[in-house]
Each structure stands twice: as structure tokens, then as C-alpha cells.
1. May I ask you to say which residue of T11, T53 is open to solvent by 30 Å² or more (accessible area, probe 1.4 Å) and within 14 Å of V131 (Cα to Cα)?
2. Out of curiosity, is V38 in contact with a helix residue (DSSP H, G or I) (Cβ under 6 Å, 6 or more places away or on another chain), without any contact (Cβ under 8 Å) to a residue 60 or more places away in the chain and not in a loop (DSSP other than H, G, I, E, B)?
3. Output the residue which, of all residues in the range 80-113 that are hydroxyl-bearing (S, T, Y) and not in a strand (DSSP E or B), is most open to solvent (accessible area, probe 1.4 Å).
4. Got at least one residue in the range 42-49 being within 17 Å of H132 (Cβ to Cβ), assigned to a helix (DSSP H, G or I), modelled with pLDDT of 95 or more and among the charged types (D, E, K, R)?
5. If only one of L17, L71, L58, L26 is surrounded by 13 or more Cβ atoms within 10 Å (Cβ to Cβ), of a type in the set (A, V, I, L, M, F, W, C), closer than 14 Å to V124 by Cβ and free of Cβ contacts under 8 Å to residues at least 60 places away in the same chain, which one is it?
6. Might you let me know whether the range 68-79 holds any residue that is more than 13 Å from the chain's Cα centre (by Cα) and part of a helix (DSSP H, G or I)?
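The values are calculated or read from the model by the stated rules, or taken from the named source; none is laboratory data. Keep in mind the model is a prediction, meaning the values are calculated, not measured. Here Cβ is always computed from backbone atoms with ideal geometry, including for glycine, and neighbour counts include all displayed protein chains. Accessible surface areas use protein heavy atoms only, side chains included; no ligands, DNA or RNA. Shrake-Rupley method; radii C 1.70, N 1.55, O 1.52, S 1.80 Å.
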Amino acid sequence: MPTIVQAAVATPDLSTLVTAVTAADLVDTLSGEGPFTVFAPNNDAFAKIPADTLAGLLEPENVDQLKAVLLRHVLPTTILAGDIPEGSTTVDTAGGETITVTNADGAVTIESSAGTATVIATDVIASNGVVHVVDTVF
């Protein structure tokens, strides 16, 4: 079974995320033992970020800022879609921030200090956790 990083690399719609994870030097972390839950922004999610802002985040001098953005999308545990309780739940991310996961009306949304995303694909199982694809970088 592939790791989270190997699963992302094999998914063309996550190529911008793979570029960002590589630039942030998080490949080894997300290939590690885990367990992790990754709310993975797809290419369309990254396309919502102004091109110059995204290019700036990918510059080596902004690695800490990029790492903080990416780790906001990672939980240090495995949570399958069916395990997300109804209503809103706050959880701590691998980056030390708190996000709110809301399961209501058949949809799961993620809210952070930086925005809100909707989960559009769930339960991509990896050897070291699970990936849920989201439509916005939060």
C-alpha cells in the first residue's frame, strides 16, 4: 500500500500539492510512520490562490510559511469519513493550529483561521493514514 506521499504523487489532480510538499521539505514527514489524516487541496484549490502569492510561498525563503500552511491540512491521527461525528468538532493539526471539522447535511467542511474548504473526496487509504481531498487551501 502506498504512503500518503506516494498516493499523492500517483494522483494527477494533486500535482500542485506534491510540488508544495516537496518545496516545504515535508516529503519525509508525510512518508513517515504516521498515522496522518491529510485534507489534501487539489489543483483547483491551489488555482484559487493568486499566482504571485503561490509562487512566493514556493520560494525557499518562505519555507516556514509554506510549511505552516501545509501542516494546517494534516492531523496527527487517522480519521475516516465515517468516523467524523455529526455537527462541529475542533481538532488540533500537526502544525499546532486548531481547525473545525463540520459534518452537516451530508457534507464535511473544514474551517481554519485562513478559510473554509469542503471535502470533495474521502477515504483515500494509505499505509500511514488517510487522505480526504478538499476544494480550497485553508
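1. Working: T53 fails: within 14 Å of V131 (Cα to Cα).
Unique residue meeting the criteria: T11.
2. Numbers: in contact with a helix residue (DSSP H, G or I) (Cβ under 6 Å, 6 or more places away or on another chain): yes; without any contact (Cβ under 8 Å) to a residue 60 or more places away in the chain: no; not in a loop (DSSP other than H, G, I, E, B): yes.
So V38 does not fit the description; no.
3. Restricting attention to the range 80-113, the residues satisfying the condition of being hydroxyl-bearing (S, T, Y) are 88-90, 93, 98, 100, 102, 109, 112-113.
Still in the list and also not in a strand (DSSP E or B): 93, 113.
Values: T93: 9, S113: 106 Å².
Looking at residues that are hydroxyl-bearing (S, T, Y) and not in a strand (DSSP E or B), I get S113.
4. First, the residues of the range 42-49 that are within 17 Å of H132 (Cβ to Cβ): 42-46.
Among the residues that remain, those that are also assigned to a helix (DSSP H, G or I) are: 43-46.
Subsequent filtering for residues that are modelled with pLDDT of 95 or more retains 43-46.
Going one step further and asking which of them are among the charged types (D, E, K, R), we end up with 44.
Yes, the range 42-49 contains a residue that is within 17 Å of H132 (Cβ to Cβ), assigned to a helix (DSSP H, G or I), modelled with pLDDT of 95 or more and among the charged types (D, E, K, R).
5. Values: L71 fails: closer than 14 Å to V124 by Cβ; L58 fails: closer than 14 Å to V124 by Cβ; L26 fails: closer than 14 Å to V124 by Cβ.
Result: L17 is the single residue among L17, L71, L58, L26 that is surrounded by 13 or more Cβ atoms within 10 Å (Cβ to Cβ), of a type in the set (A, V, I, L, M, F, W, C), closer than 14 Å to V124 by Cβ and free of Cβ contacts under 8 Å to residues at least 60 places away in the same chain.
6. Looking for residues that are more than 13 Å from the chain's Cα centre (by Cα) and part of a helix (DSSP H, G or I), one finds none in the range 68-79, hence no.
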